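Remarks on the structure that follows.
The values are calculated or read from the model by the stated rules, or taken from the named source; none is laboratory data. Being a predicted model, the structure only gives us computed values, none of them experimental. All Cβ positions, even for glycine, are placed from backbone atoms using ideal geometry, and neighbour counts span all protein chains on display. Heads up: the accessible areas ignore ligands, DNA and RNA and are worked out on the full protein's heavy atoms, side chains in. Shrake-Rupley method; radii C 1.70, N 1.55, O 1.52, S 1.80 Å.
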Amino acid sequence: LDEGDYPLFAHEVQTDTWYFGTVQERADLVPLDSEHTNAGDNLIDGDWYKYTLADTVYQLDVEMYAHTAVAGRLDVYTAPPADYDNANSVYATTWGVGYGVLVQQSSNVDMFLPGDYYIRITHDGNTFANAIEDIWKTPYTFRIMTKDQCLPYLYVDGSQDTAEFKADQQIDSDAILVSGSVVEYQAGDTICLNSGFETQANTEFLAQILNCVNY
């Protein structure tokens, strides 16, 4: 599949599933901001993908096999970008022509709350030495991997909507659980609700001491 040049048109994918994508020469005239250099280069093909996390995730990695004859970059976004934003992510990796082995990029973020997230896979057709009309013939593959593992310690603050938080040993929190939310804290040893912690009206809150291996 070959997908949108902006987050608004991102193709929706599932986590922990391999997908194929194609690199293409885009139309002769494209918007300047339709690729990450803001030069309107139709040979730079950035494909946006969107995935939804239904539960809290504690580690997220992207694995891919790039087009072996084209240089490129992989960007992992930890917050949803604006509809027409092609800015690069701070969590990114690049590769050169001939790099046919596995490309990996981790988010380096300890926790992803439930919600929508994005990645962008970009190939630069200017580095393709063969006829550009043949660039699509070699697909790339990728998957987004999640690990629902417990950190030893977790601090939860700010305003929180419906979510589940897990820690192997302890959770400390001064969060505000917004009205109508359903929030669960699970820790193996201690849950501390510190000064400032608040549950607003119609909030369902459950705190449980549970060993991580049991859930």
Out of the residues in the stretch 147-159 meeting the condition of being open to solvent by less than 40 Å² (accessible area, probe 1.4 Å) and part of a strand (DSSP E or B), tell me which one is nearest to GLN59 (Cα to Cα).
LEU151
Within the stretch 110-138, of all residues that are open to solvent by 60 Å² or more (accessible area, probe 1.4 Å) and assigned to a loop (DSSP other than H, G, I, E, B), the one farthest from GLU25 (Cα to Cα) is ASP110
Of the listed residues (GLU25, GLU3, GLU63), the one being modelled with pLDDT under 95, more than 30 Å from VAL183 (Cα to Cα), open to solvent by 10 Å² or more (accessible area, probe 1.4 Å) and touching a His at 6+ places or on another chain (Cβ under 9 Å) is GLU3
Give TYR117, TYR77, TYR99, TYR91 a once-over and let me know the one that is at pLDDT below 85 and of a type in the set (Ser, Thr, Tyr).
TYR99
For the stretch 160-215, what are the residues that are open to solvent by 40 Å² or more (accessible area, probe 1.4 Å), of a type in the set (Ser, Thr, Tyr) and closer than 20 Å to PHE112 by Cβ?
THR162, TYR215
Cβ-Cβ distance below 8 Å, separation of 6 or more or different chains: which pairs start in the stretch 71-92 with a residue that is without any contact (Cβ under 8 Å) to a residue 24 or more places away in the chain and open to solvent by less than 40 Å² (accessible area, probe 1.4 Å) and end on one that is β-branched (Val, Ile, Thr) and not in a loop (DSSP other than H, G, I, E, B)?
ALA92/VAL76
